[in-house]
Protein chains: 2
Amino acid sequence: MDTSKLHNKVVSYIKNEIVQGRLLPGSKLPTERELASSLSMSRNSIREGLRVLENIGIITPVQGSGNYISLNFDETMSEMLSFMYFLKGIDEEQVIEFRWMIEEEALKLSLHRMKEEDIKALKTNLSALIASKNEEEKIQYDQMLHSTIVNACGNDFLIANYNAFTSFMDSHIKSMRQRIVRGMESSHLLEEAHRKMVEGLIQSDLDLSLQGLHDHFGYIEQYKK
Amino acid sequence: MDTSKLHNKVVSYIKNEIVQGRLLPGSKLPTERELASSLSMSRNSIREGLRVLENIGIITPVQGSGNYISLNFDETMSEMLSFMYFLKGIDEEQVIEFRWMIEEEALKLSLHRMKEEDIKALKTNLSALIASKNEEEKIQYDQMLHSTIVNACGNDFLIANYNAFTSFMDSHIKSMRQRIVRGMESSHLLEEAHRKMVEGLIQSDLDLSLQGLHDHFGYIEQYKK
DNA sequence: AGAAATTTGTTCGTATGTATA
DNA sequence: TTATACATACGAACAAATTTC
């Protein structure tokens, strides 16, 4: 870490306190004045460091009370992805392509790692998806179903990536899910794709699951040749 | 974006300037005093906002000169991944698993997207890997070869993820590459794995490429059943 | 080459709004 | 309700690095 800037002193200090187990989620940090005193730096520099920690998702400041350990990185990652999207002018095909990749790999992992409650949740989501009448509901249950699958995969990096990406998609390309849902010529095809995914997961049938995923995203021809 | 805090004013202001195309990479921001004046806030608050922008990777401050648009998110992502790694106590198998997933998907994409120069670079890397005598060199060329493949895949999200992850691995689990290299019982196996990957890519033979990748990471039994 | 001006880095002091006991 | 503790915010000043003349 860059130690040339003074404000990074408090960043690495707090990080280290967390790593050492002396600060846990919910813990209250020393007051800004105390930090300034103990680290021998001004309160302004302390505050600049705290803004970095806040931005990373490590702390949450509460005026009048104090700074608290929070530990939620998804939002920051999502913000960065959003900005990348704008700046690089990334086209939507790349977005779908990436989402497809993540979900395919998650599917492979979840196949053998799903717990009873995950399967139960999947069945519920699928039923709700099929039962839902309007597009808005379909989109909602579609999202929940995919999220359930990925969050059961057991790989924290993959999960964090997906959650950040999902949050990014929902805030900046809201219409994407809608277009995917509409892209399935009839709602029957959409239901069928999800049914395959869920059935495959329950029966540990990878090919069936992947076929469902393929049906779901398959209208992108560029990917997978 | 949270607008309750004053310092976020400058964050959204600069972001918007970039999105509007009025600030490009390399552009110099108005001075802190100018920003303070034009946004009607103190220099201290401006600076807190600039620390956020710096942390995201949007600007790079230069003492005595100014703040400049930079746009490199890899480092921030890498830092967050690092911290996730520490905090969640993620085991190394998950790390390798995630890397494997990324590389496998990148391989599939690169197979049809590699340019002449990429193939040339691959051949060079492979030769250098085979020719290298000591372990340190092997590790270096191993890294370059994998990086070449991923960066040819054409998906910016995947590439950003890989670069962040690579940077994270190299700074926190330096020994991982070493162990992979040593994990191949003889250096012949390591060379063979890479040869398959490169040959497969050149001949558009996906199975051969994937087999090479599998040989490379295959000592993890948990993944891929 | 060197001095002056500019700009970020850092500090101190002060005032205000919010939370908590 | 009051008092205390705390984060939020401002302004002025000096140090250090860079740019300009």
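Read-outs throughout are calculated quantities, based only on the coordinates presented, and are distinct from any laboratory measurement. Owing to the predicted nature of the structure, the values given are computational and were not obtained by experimental measurement. FYI the Cβ positions are ideal-geometry reconstructions off the backbone, even for glycines, and counts take in every protein chain you see.
The trypsin sites (Lys or Arg not before Pro) of the range A:1-67 that meet both conditions, a loop assignment by DSSP and at most 12 other Cβ atoms within 10 Å of the site Cβ, are A:22. By a straight-distance test (C-alpha under 20 Å), which lysines pair with residue A:120 as possible cross-link partners, with residues fewer than eight away in the same chain excluded? Correct list for residue A:120: A:108, A:138, A:196. Coupling constants for the range B:144-149 follow from the phi torsions by the Karplus curve (6.51 cos²θ - 1.76 cosθ + 1.60, θ = phi - 60°), and in residue order they are 5, 5, 4, 4, 4, 4 Hz; glycine and proline get x.
Here residue A:15 is the anchor, and the aspartates and glutamates within straight C-alpha reach of less than 13 Å, apart from those fewer than 8 places off in the same chain, are A:54, B:79. Taking other residues whose beta carbon is less than 11 angstrom from the beta carbon of residue A:169, and scoring Lys, Arg as +1 and Asp, Glu as -1, yields +1. In order along the range A:127-142, the phi-based Karplus estimate (6.51 cos²θ - 1.76 cosθ + 1.60, θ = phi - 60°) of 3J(HN,Hα) comes to 4, 5, 4, 5, 6, 5, 9, 9, 4, 4, 5, 4, 4, 4, 6, 4 Hz; Gly and Pro are listed as x. Rounded to the nearest whole Hz, the Karplus-based 3J(HN,Hα) values (6.51 cos²θ - 1.76 cosθ + 1.60, θ = phi - 60°) of the range B:30-38 follow the sequence x, 5, 4, 5, 5, 4, 4, 5, 6, with x at glycine and proline.
Remark: spin-label model distance residue A:75-residue B:65 equals 3.4 nm, labels positioned 7 Å along the Cα→Cβ axis. Across the identical copies, the label point of residue B:91 (7 Å from Cα in the Cβ direction) is separated from its matches by 4.3 nm, in order from shortest.
With K and R counted +1 and D and E -1, the other residues having a Cβ less than 14 Å from that of residue A:48 yield a net charge of +3.
Sorted shortest first, the separations between the residue B:135 label point and its copies elsewhere in the assembly read 6.0 nm; each point sits 7 Å from Cα along the Cα-to-Cβ line. Across the copies of the chain, residue B:151 has label points (7 Å from Cα along Cα→Cβ) spaced 3.7 nm apart, shortest distance listed first.
Reported to the nearest whole Å, the Cα centre-to-centre distance from the range B:125-163 to the range A:23-73 is 39. Scanning residues 5 or more positions from residue A:27 or on other chains, those with amide H under 5 Å from its amide H are A:69, with H placed 1.01 Å from N in the peptide plane. In percent, rounded to a whole number, the relative contact order of chain B is 17, using alpha-carbon pairs under 8 Å and six or more apart. Enclosing the Cα atoms of the range A:1-82 in their convex hull gives a volume equal to 103 cubic angstrom per residue.
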